[in-house]
Amino acid sequence: MQAGTQIKVVVRLSNVDGQELSAIRLQPQTDAVFCAPTDPSTSIISAILAGDTSIVMGKPHEIRPGAIIQLAGAFDNQHRLHVKQVVILSGYVRISESPCAQ
């Protein structure tokens with residue numbers, strides 16, 4: 001993605017280190033079911049929460065590894081997503097047992 005590209009993406013968090021997140025991009029199968037890629041290394045997203053990041057649904061303590069969340073923001077020159085908005089989706093959506101179809 002080019003710097004400045006705005007995106008809204010659903011991910012499963014794999015690592016949380018302070019304000020820095022690492023996640024696997026999920027693909028929608030339905031409104032409530034997402035699938036993970038067969039090769040997760042091809043769908044890694046690095047993200048940074050800013051001081052002005054808003055959490056629209058959920059609480060900050062829910063931003064932890066394994067959580068399913070929606071991130072909205074813009075990419076920088078180093079392909080990191082600067083997050084403006086977080087929506088916690090854990091408990092509302094699930095990940096399919098089957099990987100995404102190729």
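We did not get these values from a lab; they are worked out from the coordinates using the rules stated. From a predicted model like this one, the values you see are computed outputs, not experimental measurements. Reconstructed Cβ throughout: ideal geometry from the backbone, glycine too, with neighbour counts over all protein chains shown.
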Identify the residues of the stretch 61-88 with backbone N under 19 Å of a label point that sits 7 angstrom from the Cα of Thr5 along the Cα-to-Cβ direction, or state none. 70-85
Toy charge model, Lys and Arg Cβ at +1, Asp and Glu Cβ at -1: the chain dipole around Cα centroid in debye, rounded to 20, equals 120
Rounded to the nearest 5, what is the percent of antiparallel bridges among the DSSP beta bridges in the stretch 6-95? 75
Normalised per residue, the volume of the convex hull around the Cα set of the chain (Å³): 102
Sites Ser14 and Ser54, calculated FRET efficiency, Cβ-Cβ separation with R0 30 Å, nearest 0.05: 0.85
Just want to confirm a number: the relative contact order over the chain, from Cα pairs under 8 angstrom separated by 6+ residues, in percent. 35
Residues of the stretch 1-29 with amide N under 16 Å of the 7 Å Cα→Cβ point at Asn77: 1-5
Out of Gln27, Pro65, Val83, whose Cα points farthest toward the positive end of the dipole of the stretch 6-95 (charges: +1 Lys, Arg; -1 Asp, Glu; placed on Cβ)? Gln27
